[in-house]
There are 2 protein chains.
Amino acid sequence: MQRYQTVRAEDIEKIHETSLKIMEEVGIIFSYAPAREILAKGGAKVEGETVYFPKGMVERELKHVPSSFTLHGRNPEKNVEINTEQTTFVGPYGSPFVLDLDKGRRPGTLDDFIKLVKLCHMMNNIDIQSHISCEPSDIDVDIRHMEMVYQTMKYSDKPLMGSVLGYEASKESIELTAIAHGIGLDTIQDKPVIASIPCTLTPLSYDDKMAGAIIAYAEYRQPQLVNSLCLAGATSPATIAGSIALQNAEILAGIVLAQLVNAGTPIVYSASGSSIDMRFGNLSIGAPEGALFSLVNGQLAKYYKIPCRISGTLSDSKQVDSQTGYESMLTLLMAQMAGGNFILHAAGILDTYNCTSFEKLMIDDEIMGMVKRIGRGVTVNDDTLALDAIKQVGPRGEYITNKHTFSHFRTEFYQPLLSDRARVNQDGLTIEERANARWKKMLGEYVQPSLPADIDADLKRYIEKRK
Amino acid sequence: MQRYQTVRAEDIEKIHETSLKIMEEVGIIFSYAPAREILAKGGAKVEGETVYFPKGMVERELKHVPSSFTLHGRNPEKNVEINTEQTTFVGPYGSPFVLDLDKGRRPGTLDDFIKLVKLCHMMNNIDIQSHISCEPSDIDVDIRHMEMVYQTMKYSDKPLMGSVLGYEASKESIELTAIAHGIGLDTIQDKPVIASIPCTLTPLSYDDKMAGAIIAYAEYRQPQLVNSLCLAGATSPATIAGSIALQNAEILAGIVLAQLVNAGTPIVYSASGSSIDMRFGNLSIGAPEGALFSLVNGQLAKYYKIPCRISGTLSDSKQVDSQTGYESMLTLLMAQMAGGNFILHAAGILDTYNCTSFEKLMIDDEIMGMVKRIGRGVTVNDDTLALDAIKQVGPRGEYITNKHTFSHFRTEFYQPLLSDRARVNQDGLTIEERANARWKKMLGEYVQPSLPADIDADLKRYIEKRK
């Protein structure tokens, strides 16, 4: 499969060089003192809270980043290889609100959270559970991160992501996952079991929590999606090139920090910026600029030979409609064509990250299937060229009863889940109504993966102790 | 802009070689005797109605096809250059039904037809009018093709397409257009003014009407989209590679016929097949296979150095919904990435070509704008890299009031027409309702381009004489 490259190799070099200048000359604020100490020890110049990164230091640390790693699930059959070639799809992350056809838009609860985990567990197109499938707003904030890690592991045995709300919350996420995997904290360094997404505070700063998260995950050598989300025109220049150079400077700074803590810590290059809509001053995640960001981010990550996170199926629409359809297809297709390896938000997101929709989760399952079919491409060989069948059938003949058709259509044709393709709409339902019926049917068929009683007790005890 | 190539150059060679074998060994039925005579004279072997094409003959005739031409509009400012690099967008073509939010789905009428012509005239993203913007079912079939050419020229001065319903109807379309352009039939050979889309009868045959159309348009050296639409699994193999080899054989046969009639006749390579849905046995135009067809068709046309038609914004949905959104974005984006030069059905089509929707026309206008923004790509230079602005703003600053933002956002950011990007849906409308309001507003603002009274009288007289 060819990747779609929107800028030239020399443009990527220019962006890289600009980022290095930003790091060296403008600097990046780290409010978290332990991070500044580590960076200073590693060769950075520190003035107040601002850290200046010499070019040689950045290039030295980038060499430690592995180009692939395995993210382990509780069920080893669901382990996922993260490298610079393969594409993996990850659930929706971080919406405070949920939406469905029955109850409308409302703050997420633990009940919604568990339903989303169950659905992502059952969706073959989803490889990895997110951390905040939605915000369970009815759970005490102090233990919410632990509860989410616990509930995700209880209802799914796919690999998962953990909290980045500071050093302690990160450690708790990792330790809970270690318990579920039955491994000690001394050996977890050799087995990535939980991914995280520490985010910069654009422009050019890291807050205490995120810097703490980077240090914690690096200490246990757990994978990090070092992430920058710029709002081009607000927190970064109104040009895609400039915004990407700025994002890249922030990301490289985070990568350097992680490598200084523990060389070889698995990294996923994660940039997720887009433009703002100047009429409202707020982010647009469905904008074509966002898709262009994805393409260039992908090219940059390949340049660094680091796996990359790119977002998929993003939409600014407030409901499931034509707009969610065209924006989601654009963003997911470009994520794949950009060579995205860790496609976060591969399903469910709308309302500019504010909301996760149960119906959209199902419709995006269709979009994921279609995009994967595009990715499989076209096989050209003697068998698929079918000259014998064409000779056999001849002019004005038919292929529907031909043996060649029967031996190929199942692999060649994508089988839709929800799309209406009949001559006349057969069930009289809209696709949104079919999506609604499908997630309810799936929840009815859900089977919980086993979690040994002693491990479950240990997990509960761990959380209880920290209340 | 990079093109997205899903198969290797050697695969394209294999498809080409297979097509030549099909043409030489299986042959193609031409029921129309004049076409067989021309082909026989050109070197083909004819047995009954089947024509066998020697490889050397095909290769010889392909050399006459120009790689570019100008399609002239009544208004010279709206002339369109058709070549192998540029992308032009063309209106919806051929639906018997129309759909809008007010009156639902119904057979198209002249009133609908004129409205669609007016809207396509006003849409900046549409470069060329189609021939059958919708079927005007209330117009007598015998003169319908002339009426459509006349009404299209009356309400729009963009370039247009004409009838392919046989030799006579084709000539009438051309002659009407010559009158509107005020040029004689003796000089029209040097000025392409009307494009046509003669279609094969897959597998491997041409009916009388389409072969007659090829001859008529070639006689006047007017552009032809020589088109094959296979239904993979029904009228062609269930493999994309085999179907494309078969389509290509048909298209090459039509190109050879046109070139034998008049060497140098402008051609647009036009393949539009997709897979059938095996549950229903009918075509799916929104299937990912269709988009893969487009990619390979684009590669083939580039191999022949001939401009190519690829379809855009296709959907199988029966209403304007999430499905029309994701299918339309997939097909149009791939049409552009495939290097499509003449994007037919760039807006409006749903229900597997059976229906054109007024609201979808507006929503696809948004999709066209977004896809064009993707095509423009990312400019990387010192100005867009914005290092000075980044230094000026520094860490934790803001860009919204920065001069660099003001001088770039208008060109860098796509400005949406209908997409909801506000924090809260501002008008309380769905995008379909906004689309409905927009086409009505546009019709209210429509200004008819001038058509000299004497030419109008000549056109009417021409049609009257043939009643």
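The values are calculated or read from the model by the stated rules, or taken from the named source; none is laboratory data. All values derive from a computational prediction rather than experimental measurement. No Cβ is skipped: glycine too gets one built from the backbone with ideal geometry, and neighbour counts run over all protein chains shown. Just the protein is used for accessible areas: all its heavy atoms, side chains included, with ligands, DNA and RNA removed. Shrake-Rupley method; radii C 1.70, N 1.55, O 1.52, S 1.80 Å.
Would you check if residue A:106 is farther than 23 Å from residue A:463 by Cβ, at pLDDT 95 or above and out of contact with any Gly (no Cβ under 7 Å at 6 or more places or on another chain)? So residue A:106 passes the test.
Counting the residues of the stretch B:184-193 that are open to solvent by less than 40 Å² (accessible area, probe 1.4 Å) and free of Cβ contacts under 8 Å to residues at least 60 places away in the same chain gives 2. Looking across the stretch B:424-457, the residues that are of a type outside the set (Val, Ile, Thr) and in contact with a Leu (Cβ under 9 Å, 6 or more places away or on another chain) come down to B:432, B:433, B:434, B:435, B:436, B:437, B:438, B:439, B:442, B:443, B:446, B:451. Within the stretch B:4-18, residues that are more than 8 Å from chain A (Cβ to nearest Cβ) and of a type in the set (A, V, I, L, M) reach partners that are assigned to a helix (DSSP H, G or I) and buried (at least 18 other Cβ atoms within 10 Å of the Cβ) with beta carbons closer than 9 Å, at six or more positions or on different chains, in the pairs B:9/B:299; B:12/B:296; B:12/B:299; B:12/B:300; B:12/B:302.
Is it true that residue A:328 is more than 30 Å from residue B:16 (Cα to Cα) and at the interface with chain B (Cβ under 8 Å from one of its Cβ atoms)? Spelling it out, residue A:328 is indeed more than 30 Å from residue B:16 (Cα to Cα) and at the interface with chain B (Cβ under 8 Å from one of its Cβ atoms).
Please work out if residue B:420 is surrounded by 15 or more Cβ atoms within 10 Å (Cβ to Cβ) and either facing chain A (nearest Cβ under 10 Å) or not in a helix (DSSP H, G or I) (or both). Can you show your working first?
On the way: surrounded by 15 or more Cβ atoms within 10 Å (Cβ to Cβ): yes; either facing chain A (nearest Cβ under 10 Å) or not in a helix (DSSP H, G or I) (or both): yes.
It is true that residue B:420 is surrounded by 15 or more Cβ atoms within 10 Å (Cβ to Cβ) and either facing chain A (nearest Cβ under 10 Å) or not in a helix (DSSP H, G or I) (or both).
As a summary of the residue check, residue A:106 satisfies the conditions (1) more than 21 Å from residue A:174 (Cβ to Cβ); (2) crowded, with 22+ Cβ neighbours inside 10 Å except for the one numbered (2).
Among the listed residues B:88, B:18, which satisfies the condition of being out of contact with any Gly (no Cβ under 6 Å at 6 or more places or on another chain), under 30 Å from residue B:318 (Cβ atoms) and among the polar types (S, T, N, Q)?
Details: B:18 fails: under 30 Å from residue B:318 (Cβ atoms).
Being out of contact with any Gly (no Cβ under 6 Å at 6 or more places or on another chain), under 30 Å from residue B:318 (Cβ atoms) and among the polar types (S, T, N, Q) holds for just one of B:88, B:18, which is B:88.
Residues that are buried (at least 24 other Cβ atoms within 10 Å of the Cβ) and within 14 Å of chain A (Cβ to nearest Cβ) within the stretch B:302-317 comprise B:312, B:313, B:314, B:315, B:316, B:317, listed in sequence order. Set side by side, the residues A:24, A:61 differ, and just one is within 12 Å of another protein chain (Cβ to nearest Cβ) and of a type in the set (D, E, K, R), which is A:24. Hey, does the stretch A:199-210 have a residue that's acidic (Asp, Glu), modelled with pLDDT of 95 or more and surrounded by 21 or more Cβ atoms within 10 Å (Cβ to Cβ)? No, there is no match, as no residue in the stretch A:199-210 is acidic (Asp, Glu), modelled with pLDDT of 95 or more and surrounded by 21 or more Cβ atoms within 10 Å (Cβ to Cβ). Residues that are more than 22 Å from residue A:375 (Cβ to Cβ) and of a type in the set (S, T, N, Q) do occur in the stretch B:244-254.
What's the total number of residues in the stretch B:397-423 that are under 21 Å from residue A:326 (Cβ atoms) and either of a type in the set (A, V, I, L, M) or touching a helix residue (DSSP H, G or I) at 6+ places or on another chain (Cβ under 7 Å) (or both)? Spell out how you get there, then give the answer.
Within the stretch B:397-423, the first condition is being under 21 Å from residue A:326 (Cβ atoms), and the residues that meet it are B:412-423.
Remaining after also requiring either of a type in the set (A, V, I, L, M) or touching a helix residue (DSSP H, G or I) at 6+ places or on another chain (Cβ under 7 Å) (or both): B:412-414, B:416-420, B:422.
The number of residues fulfilling the criteria is 9.
Each row is one residue, and each column tells you yes or no for (1) loosely packed, with under 15 Cβ neighbours inside 10 Å; (2) over 21 Å from residue A:282 (Cα atoms).
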| position | (1), (2) |
| --- | --- |
| B:370 | no, no |
| B:385 | no, yes |
| B:388 | yes, yes |
| B:391 | yes, yes |
| B:395 | no, no |
| B:398 | yes, no |
| B:408 | no, no |
| B:412 | no, no |
| B:416 | no, no |
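The set of residues in the stretch B:377-417 being within 18 Å of residue A:292 (Cα to Cα), part of a loop (DSSP other than H, G, I, E, B) and at the interface with chain A (Cβ under 7 Å from one of its Cβ atoms) consists of B:377, B:378, B:379, B:380, B:386, B:413, B:414. Filtered by the rule that a residue be more than 20 Å from residue A:391 (Cβ to Cβ) and among the basic types (Lys, Arg), the stretch B:41-66 gives B:41, B:60, B:63.
Can you say whether residue B:60 is open to solvent by 40 Å² or more (accessible area, probe 1.4 Å), among the basic types (Lys, Arg) and under 30 Å from residue B:131 (Cα atoms), as far as the supplied structure shows?
Working: open to solvent by 40 Å² or more (accessible area, probe 1.4 Å): yes; among the basic types (Lys, Arg): yes; under 30 Å from residue B:131 (Cα atoms): no.
Taking the combined requirement at face value, the residue does not satisfy it.
As for the stretch B:423-434, it holds no residue that is hydroxyl-bearing (Ser, Thr, Tyr), under 21 Å from residue B:155 (Cβ atoms) and open to solvent by 30 Å² or more (accessible area, probe 1.4 Å). The set of residues in the stretch A:309-325 being part of a strand (DSSP E or B) and either of a type in the set (Lys, Arg) or touching a Lys or Arg at 6+ places or on another chain (Cβ under 7 Å) (or both) consists of A:309 alone.
Pick from the stretch A:27-36 the residues that are more than 7 Å from chain B (Cβ to nearest Cβ) and open to solvent by 10 Å² or more (accessible area, probe 1.4 Å): which of them is nearest to residue A:240 (Cα to Cα)?
At the first step, the residues of the stretch A:27-36 found to be more than 7 Å from chain B (Cβ to nearest Cβ) are A:30-36.
Okay, now just the ones that are also open to solvent by 10 Å² or more (accessible area, probe 1.4 Å), so A:31-34, A:36.
Numbers: A:31: 27, A:32: 29, A:33: 32, A:34: 33, A:36: 29 Å.
Ranking the candidates gives A:31 first.
One residue stands out among those in the stretch A:335-363 that are at the interface with another protein chain (Cβ under 9 Å from one of its Cβ atoms) and within 25 Å of residue A:299 (Cα to Cα): the one that is surrounded by the fewest Cβ atoms within 10 Å (Cβ to Cβ), which is A:352.
The C-beta contact set for the stretch B:47-65 (first residue under 14 Å from residue B:260 (Cβ atoms), second residue of a type in the set (Val, Ile, Thr) and in a loop (DSSP other than H, G, I, E, B), distance under 7 angstrom, 6+ apart or interchain) comprises B:65/B:306.
Per-residue answers, yes or no, for (1) surrounded by fewer than 16 Cβ atoms within 10 Å (Cβ to Cβ); (2) in contact with a strand residue (DSSP E or B) (Cβ under 9 Å, 6 or more places away or on another chain); (3) of a type in the set (A, V, I, L, M):
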{"position": "A:48", "(1), (2), (3)": "yes, yes, no"}
{"position": "A:97", "(1), (2), (3)": "no, yes, no"}
{"position": "A:118", "(1), (2), (3)": "no, no, no"}
{"position": "A:133", "(1), (2), (3)": "no, yes, no"}
